[in-house]
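The structure appears right after this line, and notes come after that.
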Amino acid sequence: MASPQTAAESAVVKTELAGDATHQAGVFPPFDAHNFLPQIIWLVIIFGALYWLMSRVALPRVEGILEARRHRLAKDLDDAAKMQAQAKAAGEAYDKTLAEARARAQTMAQQTHDKLHAESETKRHALDAELNAKLASAERQIDDMRTRAMTNVASIAEDTAMVLVDHLTGRRPDRQSVSAAVAATSATSAVKAN
Amino acid sequence: MPENAIDPIHQFNIERIFNFHPLGLDASFTNASLLMLIILGLVSLLMIIGTSQRSMVPGRLQSAAEMSYEFVANTVRGTAGDAGMKFMPLVFSLFMFVFFANVLGLLPFSYTVTSQIVVTFALAALVMAVVIIYGIAKHGTHFLNLFAPSGVSPIILPFIVLIEVISFVARPISLSVRLFANMLAGHITLKVFGGFIVLLLGGGFATALLAPLPFLGIVILTAFELLVAVLQAYVFAILTCVYLNDAIHPGH
């Protein structure tokens, strides 16, 4: 980097020394008072322009950009927080609905269960009643049959007793006395049996 | 004239590009003026063209512009507080001007504007003028408390005031000479090392073998000078903030 610079400057030095004789030789250039005024004048112009451009154009613009970005970030974070809150509320509402639905389903199931239970109960009762009625009629039939059978037994006993008396005594007893005797006997046997 | 070819002072010569004498004043456009104009152009390119898109997601140039802004803004806010932000355009212009002047000065065939004491002194005088005018406009005679710290016993107060006055007067000098001397010394050193290379190469085979050594030195020094260029721009800006802080809050 330095070598070409030095070489190039040596060329400049030669032309300078040849052409620029008005400059005092031996004065250290930064302390050469001849150069102060042009330096200051151009510095004032150019630094003034720089200050004007920075203070009027560049810095307000950069401030605007940074402010807009800060604002945007704050807004986005805010929106995100709001949306999170919404999502949370929605989640809670969903949970609540779910709990309600579950409770309703439970009561419905309970009701159905109760209703079915009641129906089956009434059906069972009806069936029971029917069966009881059938049982009672059957018992009545049996009783009928038994009493009828018992009356038959009395007549059979009378007939048998008449035949027996006829055979033993050779004379035919009258029907009334035989049936009275049979009735008396069966009454005593019934008492004994009981 | 080989000693002229390696003259390390020649790089500071002011060369008039256009002679211009309005009202008898020498306002010639020189190589230093040209560099100032280039600085103005580059800073405007970065800060105005670079931000013209106003993108929410910045591109490279806009990022650089925003970083420059935030760097200087943080410096101002950290040193002079939020009240110092009204001087942001001044500090920012100073920082960008000095920064670009220092860094552009490192390029070959370029010119270092800040190696001219008159330029750095003018900038320092501008800072001190702003400090004094703002300090008096804002605080009136209360601004003089800057020279008389509170809680000092009356016996030593005159000495303290003397020291404070001297330190205040020395500020524009130290501010300007620091920047000027750093740039001057660095560039002279670079040129001297460059001259060594030329001399060694021209001195025959044996010395030419040693020529890479100063070249290596130049490589290292250039990196170091880049650091100094950036650092001095920052130092100039932060000292400006410190002095402005005195104008905003006088009386320690």
Hey, among B:32, B:65, which residue is hydrophobic (A, V, I, L, M, F, W, C), surrounded by 23 or more Cβ atoms within 10 Å (Cβ to Cβ) and without any contact (Cβ under 8 Å) to a residue 40 or more places away in the chain? B:65
Return the only residue of B:214, B:158, B:154, B:149 being exposed (fewer than 14 other Cβ atoms within 10 Å of the Cβ), part of a helix (DSSP H, G or I) and at pLDDT below 90. B:158
Quick one: is residue A:70 among the charged types (D, E, K, R), more than 14 Å from chain B (Cβ to nearest Cβ), without any contact (Cβ under 8 Å) to a residue 60 or more places away in the chain and out of contact with any helix residue (DSSP H, G or I) (no Cβ under 8 Å at 6 or more places or on another chain)? no
Condition first: free of Cβ contacts under 8 Å to residues at least 60 places away in the same chain and of a type in the set (Val, Ile, Thr). Now tell me which residues in segment B:193-210 satisfy that. B:197, B:207
May I ask you to verify whether residue A:50 is in contact with a helix residue (DSSP H, G or I) (Cβ under 8 Å, 6 or more places away or on another chain) and either part of a helix (DSSP H, G or I) or within 14 Å of another protein chain (Cβ to nearest Cβ) (or both)? yes
Mind listing whichever residues of segment B:166-203 are of a type outside the set (Lys, Arg), in a helix (DSSP H, G or I) and more than 14 Å from chain A (Cβ to nearest Cβ)? B:166, B:167, B:168, B:169, B:170, B:172, B:173, B:174, B:175
Output the residue which, of all residues in segment B:115-136 that are of a type in the set (S, T, N, Q) and assigned to a helix (DSSP H, G or I), is surrounded by the fewest Cβ atoms within 10 Å (Cβ to Cβ). B:115
Which residues, taken from segment A:152-174, are exposed (fewer than 10 other Cβ atoms within 10 Å of the Cβ) and assigned to a helix (DSSP H, G or I)? A:167, A:168, A:169
List the pairs whose first member sits in segment B:168-190 and is farther than 30 Å from residue B:143 by Cα, whose second member is hydrophobic (A, V, I, L, M, F, W, C) and in a helix (DSSP H, G or I), and whose Cβ atoms are under 7 Å apart, counting only residues at least 6 apart or on separate chains? B:182/B:228; B:186/B:228; B:189/B:221; B:190/A:2; B:190/B:218; B:190/B:221
Residues that are within 9 Å of chain A (Cβ to nearest Cβ), under 24 Å from residue B:221 (Cβ atoms) and aliphatic (A, V, I, L, M), at least 2 per element: which helices (runs of 4 or more DSSP H) completely within segment B:1-114 meet that? B:31-44
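The values are calculated or read from the model by the stated rules, or taken from the named source; none is laboratory data. This structure is a prediction, so every number in the text was calculated from the model and none was measured. Using ideal geometry, Cβ is built from the backbone for each residue, glycine included, and neighbour counts are taken over all protein chains shown.
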